[in-house]
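Participant: Please find one structure pasted underneath; my questions will follow.
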Amino acid sequence: MPDELDPVIHAPARLRVVASLAALGRGDEVAFPKLRKLLDMTAGNLSTHLRKLEDAGYVRVTKTHEGRMPATYLALTETGRTAFADYQAALMDLLKGVQG
Amino acid sequence: MADHDNPAGERARAGDDPEAGSDRGLSPAETLRMIRQQQEAARDATEPDGRLLFGVWGLAWLVGYLAMWTSARDTGTPERWAGWVLAGCIVGAMAFTIVHSITRTAGTRGASARIGALYGWTWFLAFTTFGVLIGAMGDAGAPPEVMAIAANGVACLIVGIMYIAGGLLFDENRMSAVGAWMLVTAALAAFAGMPNTYLVMAVAGGGGFLAMVVVEQGIRARRRSTGAVAATPGGGRDA
């Protein structure tokens, strides 16, 4: 039997955030506005989910300046990548259980 | 994806909200499919589209080198207008590649962005050197046939090596395969003689790029249609 699905990732909105960040290369970051547009979320909603993911150690938030404009970049941490891989593996176990 | 988050986020439980209901409602297969679609959307938003780039370069080579071949068939050497057509095609494809790549990768930073920028600059430097070399050969009095062999062969050599290197850098084996094919094209073009060397460039070179558009499209379509089950170990038995 697979372990209980990771509740931090299992919420659909956060799953979409994590899946998007996992599509980036290792060591790559995406700017907050670009991620928000990709996910079609409000800024407040995305911030809330990112904070939960950051608290869990899955997402790294880097605040910086580009010229005079503040900019925020997001990336999946190694912990986050592992958690996402485990989550997908657990889903596949469930799928096999259904089919088998 | 049809779901739209609202500020209430995961606490929302409205019956007709697919996002809210899906917390417990999505089956593992549906969830895996959603992950795959989301990642495809993320890649589309952050990486250049191989189909577009292969397509643009395929057309540029096909049209440009066909112009060279057509005009060289009568007199043995390409005419000036054909040279301008080829130059226009190459410059147009370059401009498209730069704008498309910058647009797609805007808002990302990190290792891929750095490698991508260096890779782009390497293309620029390589073809600047190419222009200088060909110019120097002309100044030294190389006959048109030798110039044609050198220009076509070295262009294919650079493209071939850069595509193989790109395939290694970006972990894209298909890109390396195109590079290897371009090295074959260099050899074919070198022995084709005038004016058929240009036909080889148009058909084998341009055609090679265009074949990759079909390959890329096929891979995308298959990935989409097989669904999440294809991702399970042991393949999609009984989807």
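Participant: Can you tell me how many residues in the stretch B:37-58 are crowded, with 17+ Cβ neighbours inside 10 Å, part of a helix (DSSP H, G or I) and within 14 Å of chain A (Cβ to nearest Cβ)?
Facilitator: 6
Participant: If a residue counts only when it is of a type in the set (A, V, I, L, M, F, W, C) and without any contact (Cβ under 8 Å) to a residue 12 or more places away in the chain, which helices (runs of 4 or more DSSP H) contained entirely in the stretch B:59-170 have at least 3 such residues?
Facilitator: Ranges flagged: B:80-105, B:111-139.
Participant: Here is a follow-up. On the basis of being crowded, with 19+ Cβ neighbours inside 10 Å and facing another protein chain (nearest Cβ under 7 Å), does A:Leu53 make the cut? It would help to see each step written out before you state the result.
Facilitator: Details: crowded, with 19+ Cβ neighbours inside 10 Å: yes; facing another protein chain (nearest Cβ under 7 Å): no.
For A:Leu53, the condition - crowded, with 19+ Cβ neighbours inside 10 Å and facing another protein chain (nearest Cβ under 7 Å) - is not met.
Participant: Could I ask something else about it? Could you list all residues from the stretch A:52-76 that are of a type in the set (S, T, N, Q) and in contact with an Asp or Glu (Cβ under 9 Å, 6 or more places away or on another chain)? Even if it seems obvious, please write down each step before you answer.
Facilitator: Of all residues in the stretch A:52-76, those of a type in the set (S, T, N, Q) come to A:62, A:64, A:72.
Within the stretch A:52-76, A:Thr62 is the sole residue that qualifies.
Participant: OK, next. Filtering the stretch A:15-37 down to residues that are in contact with a Ser or Thr (Cβ under 6 Å, 6 or more places away or on another chain) and not in a strand (DSSP E or B), which residue is modelled with the highest pLDDT?
Facilitator: As a first pass, look at the stretch A:15-37 and keep what is in contact with a Ser or Thr (Cβ under 6 Å, 6 or more places away or on another chain): A:25, A:28, A:30, A:32.
Pick out the ones that are also not in a strand (DSSP E or B) and you get A:25, A:32.
On the way: A:Gly25: 89, A:Phe32: 97.
Here the answer is A:Phe32.
Participant: Restricting the stretch A:34-47 to residues that are of a type outside the set (Asp, Glu) and within 7 Å of another protein chain (Cβ to nearest Cβ), which is surrounded by the most Cβ atoms within 10 Å (Cβ to Cβ)?
Facilitator: So the residue we want is A:Met41.
Participant: Out of the residues in the stretch B:185-225 that are of a type in the set (Ser, Thr, Tyr) and in contact (Cβ under 8 Å) with a residue 40 or more places away in the chain, state the one that is nearest to B:Thr70 (Cα to Cα).
Facilitator: Initial filter on the stretch B:185-225 (of a type in the set (Ser, Thr, Tyr)): B:185, B:197-198, B:225.
Now restrict to residues that are in contact (Cβ under 8 Å) with a residue 40 or more places away in the chain: B:197-198.
Working: B:Thr197: 11, B:Tyr198: 9 Å.
Going through the qualifying residues, I end up with B:Tyr198.
Participant: Any idea which of (1) charged (D, E, K, R); (2) closer than 18 Å to B:Arg43 by Cβ; (3) surrounded by 13 or more Cβ atoms within 10 Å (Cβ to Cβ) is the one A:Arg26 doesn't satisfy?
Facilitator: (3)
Participant: Tell me which residues, restricted to the stretch A:63-100, are in a helix (DSSP H, G or I) and under 15 Å from the mean Cα position of the chain (by Cα). Walk me through it before giving the result.
Facilitator: We begin by selecting, within the stretch A:63-100, every residue in a helix (DSSP H, G or I); these are A:78-99.
Answer for the stretch A:63-100, where residues must be in a helix (DSSP H, G or I) and under 15 Å from the mean Cα position of the chain (by Cα): A:Glu78, A:Thr79, A:Gly80, A:Arg81, A:Thr82, A:Ala83, A:Phe84, A:Ala85, A:Asp86, A:Tyr87, A:Gln88.
Participant: Suppose the filter is surrounded by fewer than 18 Cβ atoms within 10 Å (Cβ to Cβ), modelled with pLDDT of 95 or more and more than 14 Å from chain A (Cβ to nearest Cβ); does B:Ile219 pass it?
Facilitator: Values: surrounded by fewer than 18 Cβ atoms within 10 Å (Cβ to Cβ): yes; modelled with pLDDT of 95 or more: no; more than 14 Å from chain A (Cβ to nearest Cβ): yes.
No: the conditions fail for B:Ile219.
The values are calculated or read from the model by the stated rules, or taken from the named source; none is laboratory data. None of these values were measured; they are calculated from a predicted model. Ideal geometry is used to build each Cβ from the backbone, glycine not excepted, and the neighbour counts take in all protein chains shown.
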